[in-house]
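Values quoted throughout were computed directly from the atomic coordinates according to the rules given, and no laboratory measurement underlies them. From a predicted model like this one, the values you see are computed outputs, not experimental measurements. Here the Cβ is made from the backbone with ideal geometry for all residues, glycine too, and neighbour counts use every protein chain on show.
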Amino acid sequence: MNGNTIGVLTFDDLKRITGYARRADVERTLHDQGIRLFRGRTGPWTTVELVNQAGGLKAAHQEQYGVEIL
């Protein structure tokens, strides 16, 4: 993981985790696993929380973000 505090998994993180280098392969794999992803300028990204949700884990606490993070 890239070490940031909100648990964002970047395209580089996702390539390393999935073992795929092509964007389409990474996106397909995430989709097939039920992991919600976002498409950014530098490639797809997701969060650790969304990966955990796809795996059936519940968040220990609900953290709400305002629109200013966008």
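For the reader, a short list of remarks on this structure follows.
- Positions within the range 27-52 being surrounded by 13 or more Cβ atoms within 10 Å (Cβ to Cβ), farther than 14 Å from residue 13 by Cα and over 11 Å from the mean Cα position of the chain (by Cα), in sequence order: 28
- Pairs with Cβ under 8 Å, 6+ apart, first in the range 6-32 and farther than 16 Å from residue 47 by Cβ, second aliphatic (A, V, I, L, M) and not in a helix (DSSP H, G or I): 15/21
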